Amino acid sequence: MKFEIEDVTVYFPYDNIYPEQYSYMVELKRALDARGHCLLEMPTGTGKTIALLSLITSYVLSKPQSPLKLVYCTRTVHEMEKTLAELKKLHDYQVKHLGPAARILAVGLSSRKNLCVNPRVLSAENRDSVDAGCRKLTASWVRALAEKNPGVPTCEFFEDYERAGSGAVLPPGVYTLQDLRAFGKQKGWCPYYLARHMVQLANVIVYSYQYLLDPKVAGIISKEMQRECVVVFDEAHNIDNVCIEALSVCVRRQTLEGATRNLHRMEQEIDRFKATDESRLRAEYQRLVEGLALRGDLRVNDTWLANPALPDDILKEAVPGNIRRADFFLRVLRRFVQYLKGRLETENVEKESPVAFVASVTNQAGIDQKTLKFCYDRLHSLMMTLEITDTDEFLHIQTICDFATLVGTYARGFSIIIEPFDERMPDVQDPVLQLSCHDASLAIKPVFDRFQTVVITSGTLSPIDLYPRLLNFNPVVSRSFTMSLTRDCICPMVLTRGSDQLPVSTKFDMRSDLSVVRNYGRLLLEMVSVVPDGIVCFFVSYSYMDEIVNSWNESGILKEIMQHKLVFIETQDVVETTLALDNYRRACDCGRGAVFFSVARGKVAEGIDFDRHYGRLVIMFGIPFQYTLSKILLARLEYLRDTFQIKEGDFLTFDALRQAAQCVGRVIRSKADYGMMIFADKRYSRHDKRSKLPGWILSHLRDAHLNLSTDMAVYIAREFLRKMAQPYDKAGSGGKKTLLSQEDIEKMGDGSLNDMLY
Amino acid sequence: MASAQVIKRAKYKTTVKDPGTAGVLKMAWDRFIFTPNHPNSASNLDVEFRFIKGHKNTKEGSNKPPWLNLTNDQGGSYIFEFESYPDLHTCRDFVGKSIGRSGETPTAASGKTDASLPDEQISTAELELRIKLLRENSELQKLHKQLVIGGILTEAEFWATRKKLLDRESSRKSKQRVGFKSAMISDIKPATDGRTNKVTFSLTPEVILQIFAEKPAVHAAFLKYVPNKMTEKDFWTKYFKAEYLHSTRNAVAAAAEAAEDEELAIFLRNDDILAKEARQKIRRVDPTVNMEADQGDDYMHLPDHGLFRDGGKDIIESQYELYRRTLAHDLNRHAAVVLEGRTVEVELEDTRTVAEALAKLKRVESANEDSDGTANQGILERIARITEIEDLQASHGPPLAPLCIKDPRDYFDSQQVIAVKAPAAEGKKCNLSSREAYGSLRDSISQTKQMGLLNPVVKTKDALQVFNALSHDISRTKYDVGKNPQDSVLDKLPSTTKEQLLHHWTSIQELLRHFWSSYPITSSYLYAKVNRLKDAMSQIYPQLEVCSLLIS
């Protein structure tokens, strides 16, 4: 359908539209007009992604003179694929209605591992080996060598791409990773470098958060983006965690040992170069004096990492004199590693601020703050000079330099915590030195500064006023939408007791109680016999899931469950989990029905949808609190209290409840879909916990469903499923329309629409 | 009638275990007589064939002696052991004929709905199938009762025209394959005798197949070691030892045991073949659930990157990872195998054959996968379908399963109602004025004047179409007539009469079919049959007359 929002003609690839999608677009347009940032919460299952995509693309189409570009960030690759699939549909629709003028170029960007088509490189196991394998074939010095000596292997895809030169472009269209690979194979061009090149020209770029937030990656990929960009962070409820992770580093014994080995090898290399090709080392020295670091004269395939999060002076300043010479720099690093080794030998937990840490480094190892700050760039310059291609072997020393640079750069918002062992396993010595970032705004600051509009959106951003504080920005639009439902197609319940009326909870002191384990088991068993197709269960942690599933297995409950549905489990092994998930879907597709056991903070909870028959019921066993005794968490809480006046308890509850809401929120895909949600813990019935749930769940949580026992829940589930099986009027009845047609949109001006909505 | 009499030496046994009484068996056309060699023996027999309901005999080549077993209608049986198989066969053939003859005479009919007929050898399975068909279809049952029990048709004749029905039933049955059980193999609990520490596992071929399917390493090891290196029993002993070690969840002990015994280590270690398979499968996984791709994209997974012990993550023990197998892993694997279903077609008898058949199947599968290029396209289409928001647009032809109509009458009734309503609705719509109608008529006349009459007036194709449609309806009339409340003459009749009429109609149809299928009459048997049919039909006519009298 086609309609007007103020001066923009919006092309929307469906015949109807939800009213909340419409008002979402209106708000979004306001933010685009104002060239400011915005924060939008809209329940899952109301078509956020498509609303967002069609408004922004239509906005660009209606203003052909503006060079506005859309940068869409997803958390995971599979979400990226979904987004691109929706964009494809939209693009087809727009081209159909507007002709070739509507053609855009949209690419998904991922790492070499997901884009490489060279079978030799691809045979490597993990990302780093693929990266290194690629570099071995494409680095400039390798190619220079190959020119002289045809025996040196190169990558034919990269060579062909280079040969095509500026002619190597993607024709307009929407390219998923799969499409890029297919295109690359067909043309014989390397899809990875092609995609990276096209990022500069594309109208829409879809990639993962890290490409903007992680300074190590953002430098290569995103540094040349213009200011006229709309940056969208989808599913952004965890964005603060992503930000702080991006700037955190941990150092363990293995790291230091590896780093020592790395240093040893680099020393050998330097000696070799000194004997054969000293001019190269001297040239590097010259470059560093000029402060060029790595920029300008290096080719695209050699580019290392740069640091937009770091202050600009690094780029302009000359590298300090004491580390310009390669062997001096290695000596500095050696001293630093030695110092860290000494720090790790502690018996007690230590916590320090970066300032104190740098002071003690200066005192004991004689390395000053400025030197530390330049470590990262200096290392990469050195590795490039030494023509090191097996970069995956050098991860440890990179980590150390990363650490040094961060410590040297930031004086606040961080702390250094040294722990001799994990409290949960006090007998296993595993000392860790953790540089942990507490301030999420540090990583995201350059993004807010550089781009015109940043949209942060998710199904769960409650309380919505907390996010601007955590991320330190001023949104021009900040809104939370409710969901207008045609029928009560979601059914949240709080289950506090088992059928024997004993309370259930994952509170630490009672989670292993036999009665709790049994009652949880009976709940699931009752539900698998009532609910059709797919059921998803979330547990608070892997260890708890392991424990409870094992005890269900021993008591025979698991066997009974398996008589109704197949059982699949998320494990820490991603490959296995992916296959289990794929099988789970097939079991639901073929009507066999299945249960999926998952973990609330695991990979599955992060972005897999359990919509339609893939999830008719979600059971959240317990409240997914973080492990509150963690020193890092405590340090962060302290920082939040001191800086933002957020109480520890409030933050913990907020964090746990957004996690829970995220888990259960994945059952709904559209208003025609339906699903039940069971919060199985007595603590959910308390107001202070419950009220942190997003509004669209709360509004469907009836008072009668706040304190249920298993048998009551089963009864409600039966009734609910029966009701959902009845035919209904999709457009909604009574005064409230839940589905707008072209006519409805045209009939009402903005004013009357708002009347209808609220 | 070939030979009117057969005389053979045989032993008569009252039960299978009875050593038997030697004597002479003499079969005449209506009875058989057994005379023991020993005149004092009590087992003198003289039985008429009409009391014999069926016969069985041992097969040649089986290691049993040539026995013939005749069952009488009281459920008892007479067993004769012959000296040789040719003797047995001669007697069996003779008995077959004799029983058939006695069955033809209506004396055997006794009014009970016993579906079996003495004149043919039918297996119990087929018998059950017939009974099932009769039970499911009341119309058929009625017909059967009237015609077969009534003695007009024999059982064989009745079913001969319904071979299709029988075939379909039986083929459907054989196609259903049994899948794996939902229960895990680890649920096989060992049996203990309570006194010693020994435990016993009982393995069936089915369980073995499941073990092989779920654990390719065990399967490979079996093919490799059995029977060259160890016996099957040793193999399974080792296997269960390994299972026991797993169940203790003591990774250290498992590692220690594995170090000592290399074969045991195979069972204890993680399955390499599985890991390889997984890597292969992951390439074909739906990209919208592929979390493995994240790992390639996620810079957070770098070692020593991010927060290590922030409380959100779990602790992982990496020690002895090689020998640690979790319940979760087993569950996933088990569910995957159950979902795939059992694909081995061989009879589950011998472990070796099972193992080999499975190996063969795997090779075929992997060959298929290599050549499978269209899978990606399918995945893409599926994603496109899934990403759509279903209620925002009109559904485009949902993939409906074809309707299976159990009772055709219901279906055609509903169709007819629609068909009848449709023209009526149209009639309401067009309210042309007489003037317009006249105008149109005049136009068409003038048109005809100009063009001349088409010759022929109706195109053959159209005519054929109409004819087909009409005759198609005729074949359906049975269903249309008699059920539709508005349109049928029959509905003016009382329901009992209507039922009766319909019943007569079906039976006449059946009789006519048999009647015409008997022509040309080439044997006395057919002549008799035609006569019977003719009589039966003539009996129906007066009944119809009675009906009509009752109504009027």
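Please treat every number below as a calculation from the coordinates, not as lab data. What you see is a predicted model, and the numbers here were worked out from it, not measured in a lab. Cβ atoms come from the backbone with ideal geometry, glycine included; neighbour counts cover every protein chain shown.
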Next on the checklist: Please compute, for the alpha-carbon atoms of the stretch A:608-696, the extent along each of the three principal axes and give them in descending order in Å.
Outcome noted: 46, 25, 23
Next on the checklist: 5 Å is the cut-off here: which amide hydrogens, built 1.01 Å from N in the peptide plane, fall below it relative to A:Val230, excluding neighbours closer than 5 in sequence?
Outcome noted: A:Lys69, A:Leu70, A:Val71
Item to check | Global size of the stretch B:489-551 as Cα Rg and Dmax, reported in angstrom | outcome: 14.5, 46
Checklist entry - Along its principal axes, what span do the Cα atoms of the stretch B:6-103 show, with the longest given first and each in whole Å? => result 35, 32, 25
Item to check | Convex hull projection area averaged over all views, the stretch A:464-565, Cα basis, nm² | outcome: 10.3
Checklist entry - Using unit Cβ charges (K, R positive; D, E negative) and no other charged atoms, how large, in debye to the nearest 20, is the dipole of the stretch A:326-405 about its Cα centre? => result 380
Item to check | Cα→Cβ-extended label distance, 7 Å offset, between A:Asp392 and A:Ser140, nm | outcome: 2.6
Next on the checklist: Could you work out how much longer the chain between A:Asp465 and A:Ser543 gets when fully extended? Use 0.36 nm per residue separation minus the Cα distance between them, nm to one decimal.
Outcome noted: 24.7 nm
Item to check | Euclidean distance between Cα centres, the stretch B:70-88 to the stretch A:11-90, Å | outcome: 86
Checklist outcome for this item: Taking placed amide H atoms and a strict 5 Å upper bound, the residues 5 or more places from A:His37 or on another chain that come that close are A:Val454, A:Val476
Next on the checklist: With +1 assigned to the C-beta of every Lys and Arg and -1 to the C-beta of every Asp and Glu, and no other charges, what is the dipole magnitude of the stretch A:134-175 about the Cα centre in debye, to the nearest 20?
Outcome noted: 180
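Only four residue types carry charge here, +1 at the Cβ of Lys and Arg and -1 at the Cβ of Asp and Glu. Report the dipole size of the stretch B:489-551 about the Cα centre in Debye, rounded to the nearest 20.
Dipole size: approximately 180 debye.
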Checklist outcome for this item: Across A:110-116, the residue-averaged tally of Cβ atoms belonging to other chains within 10 Å stands at 4
Checklist entry - Which ³J(HN,Hα) values in Hz, rounded to whole numbers, follow from the phi angles of the stretch A:371-381 under the Karplus curve 6.51 cos²θ - 1.76 cosθ + 1.60, where θ = phi - 60° and Gly and Pro get x? => result 4, 4, 4, 8, 3, 4, 5, 5, 4, 6, 4
Checklist entry - How long is the gain from B:Tyr541 to B:Arg352 if the chain were fully straight, where each residue apart is worth 0.36 nm and the alpha carbon distance is subtracted? => result 61.3 nm
Checklist entry - Among bridges DSSP assigns within chain A, what percent are antiparallel (round to 5)? => result 25
Checklist entry - Other chains near A:85-98: what is the mean number of their Cβ atoms within 10 Å of each residue's Cβ? => result 2
Checklist entry - Three principal axis extents, largest first, for the C-alpha atoms of chain A, in Å? => result 83, 68, 50
Item to check | Spacing of the two label points (7 Å from each Cα toward its C-beta) at B:Thr90 and A:His613, in nm | outcome: 6.6
Checklist entry - For the residues B:His55, A:His396, what sequence is obtained by ranking on other C-beta atoms within 10 Å, fewest first? => result B:His55, A:His396
Checklist entry - Here are some pairs, A:Lys148/B:Lys281; A:Lys185/B:Lys224; A:Lys187/A:Lys603; B:Lys181/B:Lys281; A:Lys96/A:Lys723; A:Lys723/B:Lys498; which of them have Cα atoms lying more than 32 Å apart in this structure? => result A:Lys148/B:Lys281; A:Lys185/B:Lys224; A:Lys187/A:Lys603; A:Lys96/A:Lys723; A:Lys723/B:Lys498
Next on the checklist: Quick check: Cα centre of the stretch B:508-552 to Cα centre of the stretch A:183-211, how many Å?
Outcome noted: 83
Item to check | chain A, helix-only ellipticity at 222 nm - DSSP H runs n ≥ 4, -39,500 (n - 2.57), divided by all residues, nearest 500 | outcome: -15000 deg cm²/dmol
Checklist entry - Based on the Cβ-Cβ distance of B:Asp462 and B:Glu232, what FRET efficiency does E = 1/(1 + (r/R0)^6) give at R0 = 45 Å, to the nearest 0.05? => result 0.05
Checklist outcome for this item: Rounded to the nearest Å, the spacing of the alpha-carbon centers of the stretch A:523-540 and the stretch A:342-413 is 49
Item to check | Spacing of the two label points (7 Å from each Cα toward its C-beta) at B:Gln509 and B:Arg435, in nm | outcome: 5.4
Checklist entry - In terms of the Cα gyration tensor, with a ≥ b ≥ c the square roots of its eigenvalues, is the stretch A:564-624 rounded because a/c is under 1.5, prolate because a/b exceeds b/c, or oblate? => result oblate
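How would A:Trp141, B:Trp236 line up from fewest to most surrounding beta-carbon atoms within 10 angstrom?
Least to most surrounded, the residues fall as A:Trp141, B:Trp236.
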